[in-house]
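Down below is the structure, laid out as structure tokens.
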Amino acid sequence: MARYVVIGGGIVGLATAHRILLDRPDAEVTVLEKEPRLAAHQTGRNSGVIHAGVYYRPGSLKARLCAAGSRSMVEFCAENDIPVRVCGKLIVATEEDELPRLRALHERAVANGLPVRLVSPAEASEHEPALRCVEALHVASTGIVDFTQVSRALAGRAEQAGARIRLWARVTGIVTRGGEQVVRTTAGEVVADVLVNCAGLHADRVARLAGVTPSASIVPFRGEYYELRPERRDLVRGLIYPVPDPRFPFLGVHLTRMIDGGVHAGPNAVLALAREGYSWGRVDPRAVVELVGHPGLWRLARRHLRYGLTEVRRSLSRRRFARSLARLVPELTERDLLPAPAGVRAQAVTADGALVDDFLVVAGPRQVHVLNAPSPAATSSLEIARHVVSRLPTDRSPG
């Protein structure tokens, strides 16, 4: 019986544990999570969007796994009685000079095989009466769900199949001993034949503990959200996104009607001073030292200084945040916004300052490391799990 240890109790780690046991029912699987609950960070703090796969380079892992994942996620939710809604979304150009980017996005979506079409302002208003635009891209297969509920269902199914999930188990060391992976944690030692690193915000740190030097390091970017006051939720029926700037992996502040009926606004993207830095006041000295010593971050900052300053100003001013949203829905004002919990995106950045724009999965003997899995990782999680398991050794021999 092969023994597997999965580090990380977010949706990717839980989906991977579940997939191992589906494909290899005789396996022994242990999931290690450092928090007292599952899905505590990226999984539980995102906007709940099931992405269609519009934005990603055709042929890339993101494009392939997101398109497949949007389908398999909806199917999984239906099978497990998890509320889900395929509501579609509008990506909108609010100025004429944004039209070339919108049409390029349309071409990319078509290349990715997605059900999309360009619509006029009048057609867009049929979906979103309060919207202002000069043209929009309608994406029919986008949906919404609560990914924390999905994670709980994955954990339950994995446990039913024999997995052990250990909370409060922060990894402190990893040693390869003969043919075994020895993982030392704050909750004791776990010995396995194969290690799978799905540690999200800490994936590069875990890789280094395991003796792997990542080609890129995690830089945490905080995404701050507001929500609309209940009496103003009727201004947004579904999902409204701006046309993104292709130089960045961030989609710009947008409006999302959540599965519970609330409407979230955001996120922006500012550098976080802790891997779990959900506010300006959360500063981790270790993370600051890593950021200061990251040559890629300095190169990235020099190239995109103006963009970064714009995000910081929006972070510090509700008025600026509201102004960005009013480009999409002119009736929105800062009085309509209430603070909502922030999230942190684990974005891998290379030493030359490039943002890693695809999922990054690295396999070695007896180890697989998921080193870059930001959005749309939640959407793609079931397919990322398939991809990871396909790269695992099939027996106790090194793979």
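Computed from the coordinates by the stated procedures, all read-outs in this text should not be read as laboratory data. What you are looking at is a predicted structure, and each value in this text was computed from that prediction instead of being measured. Counting neighbours? That spans all protein chains shown, and the Cβs are built from the backbone with ideal geometry, glycine included.
Can you give me the C-alpha center-to-center distance between the range 294-326 and the range 19-34, rounded to a whole angstrom?
That distance is 41 Å.
Can you give me the distance in nm between label points at Arg302 and Glu231, each placed 7 Å from the Cα along the Cα-to-Cβ direction?
5.3
Arrange Cys66, Cys77 by Cβ neighbour counts within 10 Å, fewest through most, would you?
Starting with the residue having the fewest Cβ neighbours, the order is Cys77, Cys66.
With a Förster radius of 51 Å, plug the Cβ-Cβ distance of Arg391 and Ser120 into 1/(1 + (r/R0)^6) and report the FRET value to the nearest 0.05.
Plugging the Cβ-Cβ distance into 1/(1 + (r/R0)^6) gives 0.65.
In debye, nearest 20: dipole of the range 324-399 around its Cα centre with unit charges on the Cβ of K, R (+) and D, E (-)?
Charge dipole of the range 324-399: 360 debye, to the nearest 20.
Read phi for every residue in the range 327-340 and hand back ³J(HN,Hα) as whole Hz from Karplus 6.51 cos²θ - 1.76 cosθ + 1.60, θ = phi - 60°, with x for Gly and Pro.
Coupling constants for the range 327-340: 4, 8, 10, x, 6, 6, 10, 5, 5, 7, 9, 10, x, 10 Hz.
Would you mind checking the range 22-49 for residues with the amide N under 20 Å from a putative spin-label position 7 Å along Cα→C-beta of Ser279?
36, 40-42, 44-46
Helix 61-79: angle to the longest alpha-carbon principal axis of the chain, degrees 0 to 90, nearest 10?
Roughly 90 degrees, rounded to the nearest 10.
Treat the count of other C-beta atoms within 10 Å as a stand-in for reagent exposure and order Ile165, Ile50 from fewest to most.
By the 10 Å Cβ count, ascending, the order reads Ile165, Ile50.
In the set (i) 65, 41, 37; (ii) 65, 46, 37; (iii) 80, 48, 42, which value of Cα extents along the principal axes in Å was calculated from the structure you see?
(ii)
Compute the angle between helix 377-390 and the longest alpha-carbon principal axis of the chain, please, reported from 0 to 90 degrees and rounded to the nearest 10.
30
Residue by residue through the range 297-309, which ³J(HN,Hα) values in whole Hz follow from phi under the Karplus form 6.51 cos²θ - 1.76 cosθ + 1.60 (θ = phi - 60°), with glycine and proline marked x?
Running phi through 6.51 cos²θ - 1.76 cosθ + 1.60 with θ = phi - 60° gives 5, 5, 5, 4, 5, 5, 6, 10, 4, 4, 4, x, 5 Hz.
Using all alpha carbons of the range 263-376, what is the percent of pairwise distances in each 10 Å bin, ordered from the shortest bin to the longest?
12, 34, 34, 16, 4, 1
Would you please state which residues of the range 34-65 a label at Leu338 would reach in this model, taking the label point 7 Å out along Cα→Cβ and a backbone N cut-off of under 15 Å?
none
Suppose we keep just the DSSP beta bridges with both residues in the chain; what percent of those would be antiparallel, to 5?
75
Using a 7 Å offset from Cα along Cα-Cβ at Arg132, what residues in the range 301-337 end up with backbone N under 17 Å from the label point?
Only 319-336 pass the distance filter.
Around Met258, which amide H atoms from residues at least 5 apart in sequence, or from another chain, sit under 5 Å from its own amide H, with H modelled in the peptide plane?
Val263, His264
With label points built 7 Å along Cα→Cβ from the Cα atoms of Ala326 and Glu75, find their separation and express it in nm.
4.7
Among Met1, Met73, which comes first, second and so on when ranked by fewest other beta-carbon atoms within 10 Å?
Met1, Met73
How much mean residue ellipticity at 222 nm does the chain get from its helices, if each DSSP H run of length 4 or more adds -39500 (n - 2.57) and you divide by all residues, to the nearest 500 deg cm²/dmol?
Taken over the chain, the calculation gives -9500 deg cm²/dmol.
Note down the nm distance, to one decimal, between modelled labels 7 Å out along Cα→Cβ at Val289 and at Thr310.
Label-label distance for Val289 and Thr310, simple model: 3.6 nm.
Relative contact order for the chain using alpha-carbon pairs under 8 Å, separation at least 6, rounded to a whole percent?
In percent, rounded to a whole number, it is 23.
Glu189 to Asp23: extension gain in nm, 0.36 nm per residue of separation minus the Cα-Cα distance?
57.2 nm
Anyone know which of Glu107, Glu79, Glu128 comes out most mobile in the 10 Å Cα GNM of the chain?
In this elastic network of the chain, the residue with the biggest mean-square fluctuation among Glu107, Glu79, Glu128 is Glu79.
Amide H neighbours of Asn372 under 5 Å, at least 5 residues apart or on other chains, H built in the peptide plane: list them.
Leu360
By its C-alpha gyration tensor, with a ≥ b ≥ c as the square roots of the eigenvalues, how is the range 15-138 shaped: rounded for a/c under 1.5, else prolate for a/b larger than b/c, else oblate?
In terms of gyration-tensor shape, prolate.
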